[in-house]
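Asks: Let me give you the structure first, and then I'll get to my questions.
The values are calculated or read from the model by the stated rules, or taken from the named source; none is laboratory data. Quick caveat: nothing in here was measured; it's all calculated off a predicted structure. With ideal geometry, Cβ positions are generated from the backbone for all residues, glycine too; neighbour counts draw on all protein chains shown. Protein only, heavy atoms only, side chains kept; ligands, DNA and RNA dropped before computing areas. Shrake-Rupley method; radii C 1.70, N 1.55, O 1.52, S 1.80 Å.
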Amino acid sequence: MVVSEIRTIGVVGLGAMGAGIAQLTIEARYETIGREVTEELGHQARGRIAHFLQRKVDKERMSAADRDAALVHLSLTTELADLADCDLVIEAIVEDLDAKRALFAELEGIVRPNAILATNTSALSVTEIAAAVELSARVVGMHFFNPAPLMPLVEIVRAELSSDDAVETAYAVGERLGKRPIRCHDTPGFVVNRVLIPVLNDCLRVLDEARVSPEDLDTAMTAGAGWPMGPCTLVDLVGIDVHVHASEALYEKLREPRMAPPPRIVAMKNAGLLGRKSGRGFYVYE
Ligand code: CAA
């Protein structure tokens, strides 16, 4: 498979990350088939994509004709079997190893033998996901950052058995999506999360150690360290459950205390304070 042969991309899971990825693929004019478990969730994702494209039109960063042309490239399904003709499938479902392995095993029975299977996992092992399929050379990581349409990076992750073709094709797709891809190997947290997760956990520990408010901690890191958004705002954006899960996954692999999620944020997760998506985390959202 070479990149010119990638015409149709499947995106499985249209939550915040999957919808953002599908927005990118339709903006790059790939035929895109988005799969959600219910029609309602699929329609919500389409609405979210249409909203963000409209904002680009409002800000004169996109023409109305380009918005319409992009949206034509998106079709929705609840059936995995509808991904049979996809040249590349990007998985963005829940961060659960068993769920991802089951999905990849099922996808292998549906797509062509030369189709590439990519996971957007942020903290699980791509190699462990790839081990669920027979042709594991076709599996790579394509790790996008939240919000996917805005963050320029995509980590192209080589699992132990990934083929050069699969890695280079995913890299080239990343470029066509307008991203700045990097290549890396499948190690816990890859590049960014290996650095960012412990740093964010340090920030959250400072909340209690320095008895600083979330607002003041955010001001400290934006006004004093040049971050584009403060750590509390960022964890709210990423999702407190997602951050706790990624921290636990990295702690399990690396056994470094800084990787472990601070108790305060685990308690927030257990209380259902998940950040923006639940309406309340460190901040309250309308
Ligand atoms: N999808 C699509 N478009 C979106 C969006 C989304 N999720 N969220 C916002 N937008 C659009 C909106 O239209 C918004 O404009 P309006 O509010 O007017 O509608 C527009 O983007 C904002 O664009 P701007 O160019 O004005 O963006 P900004 O200068 O305010 O920067 C930012 C926003 C890029 C998010 C910036 O604050 C930033 O870089 N923050 C840091 C984010 C970060 O670190 N992300 C990584 C998280 S870690 C991770 O993702 C790893 C993991 O595995 C968990």
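Asks: I'd like to know which of ILE26, ALA105, PRO149 lies farthest towards the positive end of the charge dipole of the chain, counting +1 on Cβ of Lys and Arg and -1 on Cβ of Asp and Glu.
Replies: PRO149
Asks: Please report, in whole Å, how far the alpha carbons of segment 116-262 spread along each principal axis, starting with the longest.
Replies: 52, 33, 19
Asks: With +1 on each Lys and Arg Cβ and -1 on each Asp and Glu Cβ, and nothing else charged, work out how big the dipole of segment 55-122 is about its Cα centre, in Debye to the nearest 20.
Replies: Here the size comes out at about 360 debye.
Asks: Hey, another quick one. Restricting to DSSP H runs of at least four residues, report the calculated mean residue ellipticity at 222 nm for the chain, -39500 (n - 2.57) per run over all residues, nearest 500 deg cm²/dmol.
Replies: -14000 deg cm²/dmol
Asks: Leaving out ligands, DNA and RNA, what percent of the accessible area of the chain is carbon and sulfur, probe 1.4 Å?
Replies: Roughly 53 percent, rounded to a whole number.
Asks: Explain nothing, just the number: relative contact order of segment 1-122, from Cα pairs under 8 Å at least 6 residues apart, as a whole percent.
Replies: Dividing the mean separation by the residue count of segment 1-122 yields 32 percent.
Asks: Calculate the all-directions average of the projected area of segment 155-214's alpha-carbon convex hull, and give it in nm².
Replies: 5.4 nm²
Asks: For segment 159-196 and segment 79-138, what is the separation of their Cα centres, given in Å?
Replies: 15 Å
Asks: Ranked highest first by the average count of other Cβ atoms within 10 Å around their residues, in what order do 143-151, 262-270 fall?
Replies: 143-151, 262-270
Asks: Counting other Cβ atoms within 10 Å, which GluC sites (Glu not before Pro) in segment 67-157 have at most 14 and lie in a DSSP loop?
Replies: For GluC sites (Glu not before Pro) across segment 67-157 that sit outside H, G, I, E and B with at most 14 neighbouring Cβ atoms in 10 Å, the list reads GLU79, GLU134.
Asks: If you don't mind, there's one more thing I want to ask. Whole-Hz Karplus ³J(HN,Hα) for segment 78-83, in order, using 6.51 cos²θ - 1.76 cosθ + 1.60 and θ = phi - 60°, x for Gly and Pro?
Replies: Going residue by residue, I get 10, 9, 4, 4, 5, 8 Hz, with x marking Gly and Pro.
Asks: Mean projection of the alpha-carbon convex hull of segment 34-80 over all orientations, in nm²?
Replies: 3.1 nm²
Asks: Whole-Hz ³J(HN,Hα) for each residue in segment 20-36, computed from phi via Karplus 6.51 cos²θ - 1.76 cosθ + 1.60 with θ = phi - 60°, x for glycine and proline: what do you get?
Replies: My calculation for segment 20-36 gives x, 5, 5, 4, 5, 5, 6, 5, 8, 6, 7, 4, 10, 10, x, 10, 10 Hz in order.
Asks: Please report, in debye to the nearest 20, how large the charge dipole of segment 20-99 is about its Cα centre when each Lys and Arg carries +1 at its beta carbon and each Asp and Glu carries -1 there.
Replies: 620 debye
Asks: Next question. Stokes-Einstein D for segment 10-98 at 37 °C, 0.692 mPa s, Kirkwood Rh over Cα pairs, in µm²/s?
Replies: The calculation lands on 250 µm²/s.
Asks: How high is the relative contact order of the chain, in percent, counting Cα pairs under 8 Å that sit 6 or more residues apart?
Replies: 14 percent
Asks: Using amide H atoms built 1.01 Å from N in the peptide plane, name the residues 5+ places from THR119, or on other chains, whose amide H lies under 5 Å from its own.
Replies: Sorted by chain and number, the residues that satisfy this are GLU91, VAL140, GLY141, MET142.
Asks: Send over the Kirkwood Rh of segment 213-286, from the inverse of the averaged 1/r over different Cα pairs, rounded to one decimal Å.
Replies: One decimal place: 12.7 Å for the Kirkwood radius.
Asks: Still on this structure, I have one more. Over the Cα atoms of the chain, each weighted equally, I'd like the Debye log10 I(q)/I(0) at q = 0.11 Å⁻¹, rounded to two decimals.
Replies: Rounded to two decimals, the profile gives -0.65.
Asks: When only the heavy atoms of the protein chains count and the probe is 1.4 Å, how do ARG67, ARG211 rank by accessible area, highest first?
Replies: Largest to smallest exposure gives the sequence ARG211, ARG67.
Asks: Regarding segment 111-182, what are the three Cα extents along the principal axes, ordered largest first, in Å?
Replies: 35, 23, 20
Asks: Counting heavy atoms of the protein chains only and a 1.4 Å probe, report the per residue accessible area for the chain as a whole number of Å².
Replies: The answer is 46 Å² per residue.
Asks: If you average the sequence gap of Cα pairs under 8 Å that are 6 or more apart and divide by the length of segment 177-286, what percent do you get for the contact order?
Replies: 25 percent.
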